[in-house]
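Report on one structure; see the data block that follows.
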Amino acid sequence: MSRMHWRHPQVSFAIDLVRDCARLARRIQQSTVAESLEKDDRSPVTVADFSVQALAGKRISEHSPDLPLVAEESAALLREPSAAPLLEQIAAHIREFEPGADPKRILGWIQRGQGQASQRYWVLDPVDGTKGFLRNAQYAVALALVEAGSVTVGVLGCPRLDLSQTERPEAPGSRGCLVAAARGEGAWVLPLDDSEFRPLRVSGVRDPRRARVLRSVEGGHTNLEQMDRLLAELGVDRPPAAVDSQAKYALLASGCGDFLARLVSAAKPDYREKIWDQAAGTLVVEEAGGRVTDLDGRPLDFSMCPRLTRNRGVVASNGLLHSAVLAALAKVEGRRAG
Ligand code: AMP
Ligand code: MG
(Lines give C-alpha, C1' and ligand atoms only; values in the text may rest on other atoms or scores of the structure.)
(Ligands and ions follow the chains in the order given, each with its own letter.)
Protein backbone atom coordinates (compact mmCIF):
# COMPACT_ATOMS: atom_id res chain seq x y z
CA MET A 1 0.00 0.00 0.00
CA SER A 2 1.67 3.23 -1.01
CA ARG A 3 -0.79 5.77 0.34
CA MET A 4 -2.18 5.80 3.81
CA HIS A 5 -5.11 7.73 5.07
CA TRP A 6 -4.79 8.10 8.82
CA ARG A 7 -7.83 9.11 10.81
CA HIS A 8 -5.72 10.71 13.52
CA PRO A 9 -4.83 14.19 12.25
CA GLN A 10 -1.31 14.21 13.75
CA VAL A 11 0.15 11.03 12.24
CA SER A 12 1.30 12.35 8.89
CA PHE A 13 3.01 15.30 10.53
CA ALA A 14 4.75 12.97 12.99
CA ILE A 15 5.94 10.65 10.20
CA ASP A 16 7.32 13.53 8.11
CA LEU A 17 9.08 14.99 11.13
CA VAL A 18 10.61 11.71 12.29
CA ARG A 19 11.74 11.00 8.73
CA ASP A 20 13.71 14.26 8.60
CA CYS A 21 15.02 13.72 12.14
CA ALA A 22 16.20 10.20 11.30
CA ARG A 23 17.89 11.41 8.11
CA LEU A 24 19.60 14.15 10.10
CA ALA A 25 20.83 11.63 12.70
CA ARG A 26 22.00 9.26 9.98
CA ARG A 27 23.91 12.05 8.22
CA ILE A 28 25.63 13.04 11.46
CA GLN A 29 26.55 9.45 12.18
CA GLN A 30 28.00 9.04 8.72
CA SER A 31 29.86 12.34 8.65
CA THR A 32 31.47 12.56 12.05
CA VAL A 33 33.19 10.44 14.55
CA ALA A 34 30.37 11.32 16.91
CA GLU A 35 31.59 13.68 19.56
CA SER A 36 30.03 13.38 22.94
CA LEU A 37 29.83 15.46 26.07
CA GLU A 38 29.20 14.01 29.47
CA LYS A 39 25.80 14.84 30.94
CA ASP A 40 25.40 15.02 34.71
CA ASP A 41 24.34 11.39 34.81
CA ARG A 42 27.40 10.54 32.67
CA SER A 43 25.37 9.17 29.77
CA PRO A 44 26.79 10.26 26.42
CA VAL A 45 25.03 13.00 24.56
CA THR A 46 26.04 13.78 21.05
CA VAL A 47 25.71 16.37 18.37
CA ALA A 48 22.93 14.20 17.00
CA ASP A 49 20.80 14.29 20.17
CA PHE A 50 20.88 18.09 20.28
CA SER A 51 20.44 18.52 16.52
CA VAL A 52 17.44 16.22 16.32
CA GLN A 53 15.77 17.82 19.33
CA ALA A 54 16.33 21.28 17.84
CA LEU A 55 14.80 20.30 14.49
CA ALA A 56 11.83 18.68 16.21
CA GLY A 57 11.38 21.62 18.58
CA LYS A 58 11.25 24.02 15.64
CA ARG A 59 8.79 22.00 13.58
CA ILE A 60 6.53 21.22 16.55
CA SER A 61 6.44 24.91 17.52
CA GLU A 62 5.19 25.76 14.05
CA HIS A 63 2.78 22.87 13.73
CA SER A 64 1.43 22.64 17.28
CA PRO A 65 2.20 25.96 18.99
CA ASP A 66 -0.13 25.14 21.87
CA LEU A 67 1.13 21.64 22.64
CA PRO A 68 3.97 21.10 25.10
CA LEU A 69 6.97 19.01 24.04
CA VAL A 70 8.60 16.82 26.69
CA ALA A 71 11.99 15.77 25.35
CA GLU A 72 15.13 14.29 26.79
CA GLU A 73 17.71 17.03 26.29
CA SER A 74 18.18 20.45 27.87
CA ALA A 75 20.07 23.34 26.27
CA ALA A 76 21.88 24.16 29.54
CA LEU A 77 25.16 22.43 28.63
CA LEU A 78 25.25 24.21 25.29
CA ARG A 79 24.96 27.65 26.87
CA GLU A 80 28.43 27.37 28.38
CA PRO A 81 31.09 29.28 26.43
CA SER A 82 33.18 26.13 26.04
CA ALA A 83 30.33 24.54 24.05
CA ALA A 84 30.47 27.17 21.29
CA PRO A 85 32.30 24.91 18.78
CA LEU A 86 29.79 22.14 19.41
CA LEU A 87 26.90 24.55 18.86
CA GLU A 88 28.46 25.65 15.56
CA GLN A 89 28.68 22.03 14.47
CA ILE A 90 25.03 21.50 15.37
CA ALA A 91 24.05 24.61 13.42
CA ALA A 92 25.92 23.39 10.33
CA HIS A 93 24.02 20.09 10.37
CA ILE A 94 20.59 21.61 10.97
CA ARG A 95 21.02 24.18 8.19
CA GLU A 96 20.64 21.37 5.66
CA PHE A 97 17.03 21.06 6.86
CA GLU A 98 16.41 24.54 8.26
CA PRO A 99 18.49 27.15 6.42
CA GLY A 100 17.66 29.83 9.02
CA ALA A 101 19.31 27.93 11.88
CA ASP A 102 21.74 29.93 14.01
CA PRO A 103 23.10 29.21 17.51
CA LYS A 104 20.65 31.48 19.33
CA ARG A 105 17.58 30.05 17.60
CA ILE A 106 18.85 26.53 18.08
CA LEU A 107 19.10 26.98 21.84
CA GLY A 108 15.46 28.12 21.84
CA TRP A 109 14.34 25.16 19.71
CA ILE A 110 16.08 22.69 22.03
CA GLN A 111 14.60 24.40 25.08
CA ARG A 112 11.11 23.99 23.57
CA GLY A 113 11.52 20.36 24.66
CA GLN A 114 11.45 21.29 28.34
CA GLY A 115 7.66 21.54 28.35
CA GLN A 116 5.38 20.24 31.09
CA ALA A 117 3.00 17.37 30.50
CA SER A 118 -0.64 18.34 30.10
CA GLN A 119 -3.82 16.77 28.74
CA ARG A 120 -2.16 16.51 25.30
CA TYR A 121 1.57 16.63 24.76
CA TRP A 122 4.35 15.48 22.46
CA VAL A 123 7.12 13.24 23.81
CA LEU A 124 10.48 12.92 22.07
CA ASP A 125 13.62 10.91 22.54
CA PRO A 126 15.82 12.54 19.90
CA VAL A 127 18.31 9.65 19.85
CA ASP A 128 17.13 6.69 21.87
CA GLY A 129 20.01 4.29 22.38
CA THR A 130 22.75 6.93 22.24
CA LYS A 131 25.21 4.23 23.21
CA GLY A 132 24.10 2.18 20.19
CA PHE A 133 24.52 5.29 18.03
CA LEU A 134 28.07 5.73 19.33
CA ARG A 135 29.04 2.16 18.57
CA ASN A 136 27.38 2.12 15.15
CA ALA A 137 24.59 -0.21 16.25
CA GLN A 138 20.84 0.37 16.61
CA TYR A 139 19.29 3.66 17.70
CA ALA A 140 15.93 5.32 17.13
CA VAL A 141 14.28 8.71 16.94
CA ALA A 142 11.12 8.23 19.01
CA LEU A 143 8.17 10.64 18.86
CA ALA A 144 4.77 10.12 20.47
CA LEU A 145 1.62 12.03 21.25
CA VAL A 146 0.03 11.44 24.64
CA GLU A 147 -3.64 12.32 25.13
CA ALA A 148 -5.42 11.92 28.47
CA GLY A 149 -2.62 9.70 29.82
CA SER A 150 -2.65 7.35 26.84
CA VAL A 151 -0.28 7.22 23.86
CA THR A 152 -2.32 7.84 20.70
CA VAL A 153 0.40 8.31 18.07
CA GLY A 154 3.88 6.77 18.01
CA VAL A 155 6.58 6.95 15.36
CA LEU A 156 10.05 5.38 15.46
CA GLY A 157 12.75 6.37 13.00
CA CYS A 158 15.35 3.60 12.84
CA PRO A 159 18.10 4.52 10.36
CA ARG A 160 19.97 1.24 10.79
CA LEU A 161 17.06 -1.16 10.99
CA ASP A 162 15.70 -3.01 8.00
CA LEU A 163 12.65 -5.07 8.87
CA SER A 164 12.47 -6.51 5.39
CA GLN A 165 15.63 -8.46 6.17
CA THR A 166 14.10 -10.52 8.91
CA GLU A 167 17.16 -12.61 9.54
CA ARG A 168 19.69 -9.82 9.82
CA PRO A 169 17.98 -6.59 10.85
CA GLU A 170 21.35 -4.96 11.49
CA ALA A 171 22.87 -6.00 8.20
CA PRO A 172 25.42 -3.48 6.96
CA GLY A 173 23.94 -1.29 4.27
CA SER A 174 20.42 -1.57 5.68
CA ARG A 175 18.38 1.34 4.39
CA GLY A 176 16.54 2.13 7.58
CA CYS A 177 12.84 2.32 8.29
CA LEU A 178 10.05 4.25 9.94
CA VAL A 179 7.50 2.48 12.09
CA ALA A 180 4.26 4.34 12.79
CA ALA A 181 1.18 3.54 14.83
CA ALA A 182 -2.00 5.33 15.83
CA ARG A 183 -4.41 4.04 18.46
CA GLY A 184 -6.98 1.86 16.72
CA GLU A 185 -5.30 2.21 13.29
CA GLY A 186 -2.61 -0.46 13.42
CA ALA A 187 1.17 -0.35 13.16
CA TRP A 188 2.92 0.14 9.85
CA VAL A 189 6.45 0.16 8.51
CA LEU A 190 7.86 2.10 5.57
CA PRO A 191 11.38 2.51 4.27
CA LEU A 192 13.13 5.64 5.54
CA ASP A 193 13.47 6.93 1.98
CA ASP A 194 10.11 5.80 0.57
CA SER A 195 6.37 5.89 1.33
CA GLU A 196 5.45 2.26 0.74
CA PHE A 197 3.50 1.29 3.89
CA ARG A 198 3.33 -2.32 5.04
CA PRO A 199 1.28 -3.50 8.04
CA LEU A 200 3.09 -4.97 11.03
CA ARG A 201 1.89 -7.97 12.96
CA VAL A 202 3.40 -9.65 16.01
CA SER A 203 4.44 -13.30 15.85
CA GLY A 204 2.20 -16.29 16.54
CA VAL A 205 4.67 -18.09 18.81
CA ARG A 206 2.82 -19.67 21.75
CA ASP A 207 5.43 -21.97 23.19
CA PRO A 208 7.76 -20.12 25.59
CA ARG A 209 10.53 -22.60 24.85
CA ARG A 210 10.58 -21.35 21.25
CA ALA A 211 10.52 -17.66 22.19
CA ARG A 212 12.97 -15.25 20.61
CA VAL A 213 13.71 -12.81 23.41
CA LEU A 214 14.99 -9.25 23.04
CA ARG A 215 16.93 -7.34 25.68
CA SER A 216 19.06 -4.21 26.13
CA VAL A 217 22.70 -4.37 25.14
CA GLU A 218 23.62 -2.34 28.23
CA GLY A 219 23.68 -4.65 31.23
CA GLY A 220 23.05 -1.63 33.47
CA HIS A 221 19.64 -1.02 31.82
CA THR A 222 18.26 -4.39 32.86
CA ASN A 223 19.09 -7.29 35.17
CA LEU A 224 21.03 -9.94 33.30
CA GLU A 225 21.20 -12.38 36.19
CA GLN A 226 17.44 -12.23 36.67
CA MET A 227 16.96 -12.47 32.89
CA ASP A 228 18.87 -15.78 32.93
CA ARG A 229 16.62 -17.09 35.69
CA LEU A 230 13.49 -15.90 33.88
CA LEU A 231 14.52 -17.65 30.67
CA ALA A 232 15.41 -20.83 32.58
CA GLU A 233 12.02 -20.74 34.32
CA LEU A 234 10.30 -20.46 30.93
CA GLY A 235 12.55 -23.09 29.37
CA VAL A 236 13.60 -20.70 26.58
CA ASP A 237 16.08 -22.59 24.48
CA ARG A 238 18.15 -19.81 22.94
CA PRO A 239 19.97 -16.76 24.31
CA PRO A 240 18.26 -13.37 24.03
CA ALA A 241 19.18 -10.99 21.21
CA ALA A 242 20.77 -7.79 22.53
CA VAL A 243 19.54 -4.71 20.66
CA ASP A 244 19.82 -1.05 21.66
CA SER A 245 16.89 1.35 21.77
CA GLN A 246 13.21 1.07 20.88
CA ALA A 247 14.30 -0.76 17.72
CA LYS A 248 13.48 -3.74 19.98
CA TYR A 249 9.81 -2.76 19.92
CA ALA A 250 9.87 -2.44 16.12
CA LEU A 251 11.36 -5.95 15.87
CA LEU A 252 8.73 -7.33 18.22
CA ALA A 253 5.93 -5.61 16.28
CA SER A 254 7.20 -7.10 13.04
CA GLY A 255 7.28 -10.64 14.41
CA CYS A 256 11.11 -10.74 14.52
CA GLY A 257 11.00 -11.38 18.27
CA ASP A 258 8.38 -12.74 20.66
CA PHE A 259 8.88 -10.84 23.92
CA LEU A 260 11.13 -8.42 25.73
CA ALA A 261 11.49 -7.58 29.39
CA ARG A 262 12.99 -4.42 30.87
CA LEU A 263 13.94 -5.89 34.21
CA VAL A 264 15.02 -3.56 37.00
CA SER A 265 18.77 -3.25 37.43
CA ALA A 266 19.98 -4.54 40.81
CA ALA A 267 22.22 -1.47 41.05
CA LYS A 268 19.22 0.87 40.62
CA PRO A 269 16.24 -0.89 42.22
CA ASP A 270 14.21 2.34 42.31
CA TYR A 271 14.71 3.15 38.63
CA ARG A 272 11.52 4.19 36.89
CA GLU A 273 11.28 4.24 33.10
CA LYS A 274 11.33 7.60 31.32
CA ILE A 275 8.30 8.24 29.14
CA TRP A 276 10.31 9.06 26.00
CA ASP A 277 12.00 5.64 26.21
CA GLN A 278 8.63 3.82 26.11
CA ALA A 279 5.81 5.90 24.62
CA ALA A 280 6.25 5.39 20.86
CA GLY A 281 7.58 1.84 21.04
CA THR A 282 4.89 0.45 23.29
CA LEU A 283 2.07 1.79 21.09
CA VAL A 284 3.73 0.21 18.06
CA VAL A 285 3.71 -3.19 19.79
CA GLU A 286 0.09 -2.86 20.95
CA GLU A 287 -1.12 -1.79 17.52
CA ALA A 288 0.69 -4.73 15.92
CA GLY A 289 -1.45 -7.00 18.11
CA GLY A 290 0.93 -7.36 21.05
CA ARG A 291 0.57 -6.58 24.73
CA VAL A 292 2.55 -4.27 27.03
CA THR A 293 2.46 -4.06 30.84
CA ASP A 294 4.89 -3.42 33.63
CA LEU A 295 6.58 -6.27 35.50
CA ASP A 296 3.55 -6.56 37.78
CA GLY A 297 1.11 -6.84 34.88
CA ARG A 298 -0.19 -3.26 35.17
CA PRO A 299 -0.81 -1.09 32.11
CA LEU A 300 1.74 1.71 31.66
CA ASP A 301 0.33 5.00 32.96
CA PHE A 302 1.52 7.82 30.72
CA SER A 303 -0.22 10.50 32.77
CA MET A 304 2.96 10.28 34.87
CA CYS A 305 5.72 12.46 33.43
CA PRO A 306 8.66 12.44 32.88
CA ARG A 307 8.92 9.02 34.57
CA LEU A 308 6.43 6.17 34.77
CA THR A 309 6.34 6.37 38.56
CA ARG A 310 3.27 4.12 38.83
CA ASN A 311 5.03 1.29 36.99
CA ARG A 312 8.07 -0.89 37.45
CA GLY A 313 9.96 -2.08 34.35
CA VAL A 314 8.22 -3.27 31.18
CA VAL A 315 7.14 -6.55 29.61
CA ALA A 316 6.18 -6.37 25.92
CA SER A 317 5.13 -9.45 24.02
CA ASN A 318 3.22 -10.87 21.12
CA GLY A 319 0.29 -11.18 23.56
CA LEU A 320 0.22 -14.97 23.40
CA LEU A 321 3.23 -15.33 25.71
CA HIS A 322 2.37 -12.50 28.05
CA SER A 323 0.78 -14.29 31.00
CA ALA A 324 3.44 -17.01 30.92
CA VAL A 325 6.18 -14.38 31.10
CA LEU A 326 4.48 -12.50 33.96
CA ALA A 327 3.90 -15.71 35.91
CA ALA A 328 7.51 -16.87 35.46
CA LEU A 329 8.75 -13.45 36.48
CA ALA A 330 6.65 -13.45 39.63
CA LYS A 331 8.15 -16.81 40.52
CA VAL A 332 11.69 -15.62 39.88
CA GLU A 333 11.06 -12.51 41.99
CA GLY A 334 9.56 -14.64 44.72
CA ARG A 335 6.08 -13.07 44.73
CA ARG A 336 2.56 -14.08 43.71
CA ALA A 337 1.55 -13.20 40.14
CA GLY A 338 -0.60 -10.02 40.08
P1 AMP B 1 18.09 0.37 25.84
O2 AMP B 1 18.74 0.75 24.56
O3 AMP B 1 16.92 -0.53 25.69
O4 AMP B 1 19.08 -0.11 26.86
O5 AMP B 1 17.42 1.67 26.41
C6 AMP B 1 18.08 2.89 26.40
C7 AMP B 1 17.47 3.76 27.45
O8 AMP B 1 17.59 3.16 28.73
C9 AMP B 1 18.14 5.09 27.57
O10 AMP B 1 17.48 6.02 26.76
C11 AMP B 1 18.02 5.45 29.04
O12 AMP B 1 17.13 6.50 29.26
C13 AMP B 1 17.44 4.20 29.67
N14 AMP B 1 18.08 3.82 30.94
C15 AMP B 1 19.11 4.41 31.57
N16 AMP B 1 19.37 3.79 32.76
C17 AMP B 1 18.47 2.79 32.88
C18 AMP B 1 18.20 1.80 33.88
N19 AMP B 1 18.93 1.71 34.99
N20 AMP B 1 17.17 0.94 33.65
C21 AMP B 1 16.45 1.01 32.53
N22 AMP B 1 16.66 1.93 31.54
C23 AMP B 1 17.65 2.81 31.72
MG1 MG C 1 16.36 6.90 25.39
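Results, tabulated for the structure shown:
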item: Dipole magnitude of the chain, debye to nearest 20 (Cβ charges: Lys/Arg +1, Asp/Glu -1, about Cα centre); result: 640
item: Whether segment 220-316 is rounded, prolate or oblate, judged on the alpha carbon gyration tensor where a/c under 1.5 counts as rounded; result: oblate
item: For residue 177, residues with placed amide H under 5 Å, excluding near neighbours; result: 158, 160, 161, 192
item: Under Karplus coefficients 6.51, -1.76 and 1.60, residue-wise ³J(HN,Hα) of segment 127-134 in Hz, glycine/proline x; result: 9, 7, x, 3, 5, x, 4, 5
item: Vicinal HN-Hα couplings computed from phi for segment 246-257 (Karplus, 6.51 cos²θ - 1.76 cosθ + 1.60; Hz; Gly/Pro x); result: 6, 4, 4, 5, 5, 5, 4, 5, 8, x, 8, x
item: Unit charges at the beta carbon, dipole of the chain: most positive-side option, 189, 288, 53; result: 288
item: GNM flexibility winner over the chain from 14, 48, 75 (Cα, springs under 10 Å); result: 75
item: Eligible aspartates and glutamates near residue 104 by straight Cα distance, threshold 16 Å, same-chain separation 8 or greater; result: 80, 88
item: Nearest-ten-degree value, helix 322-332 long axis tilted from longest Cα axis of the chain; result: 80
item: Filter on 131/248; 131/268; 58/268 - keep pairs with C-alpha separation over 23 Å; result: 58/268
item: The chain: angle of helix 224-234 to the longest principal axis, Cα-based, in degrees nearest 10; result: 40
item: Residues of the chain: accessible area per residue with a 1.4 Å probe, Å²; result: 42
item: Rounded if a/c under 1.5, otherwise prolate or oblate - segment 64-184, Cα gyration tensor axes; result: oblate
item: Cα lying deepest toward the dipole's positive end in the chain, options 324, 30, 99, charges on Cβ; result: 324
item: Proximal lysines relative to residue 331, as straight alpha-carbon distance under 19 Å, when same-chain residues fewer than 8 apart are discounted; result: none
item: Carbon and sulfur %, accessible surface of the chain computed with the full protein complex present, 1.4 Å; result: 49
item: Selection from 242, 202, 176 lying farthest towards where the dipole of segment 173-261 points positive, charges on Cβ; result: 202
item: Gaussian network model of the chain, Cα within-10 Å springs - most flexible of 160, 215, 175; result: 175
item: Angle between the chain longest axis and helix 275-287 axis [Cα atoms, degrees, rounded to 10]; result: 60
item: Tail fraction, Cα-Cα pairs, the chain, threshold 29 Å, whole percent; result: 34
item: Added length on full extension, which subtracts the Cα-Cα distance from 0.36 nm per residue, residue 95 to residue 327; result: 78.4 nm
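The values are calculated or read from the model by the stated rules, or taken from the named source; none is laboratory data. If you're wondering where the values come from, they're calculated on a predicted model, not measured in any experiment. Because the Cβ atoms are built from the backbone with ideal geometry, glycine has one as well, and the counts that use them run over all protein chains shown. Ligands, DNA and RNA are stripped out before the accessible areas are found, and what is left, the full protein with its side chains, is counted by its heavy atoms. Shrake-Rupley method; radii C 1.70, N 1.55, O 1.52, S 1.80 Å.
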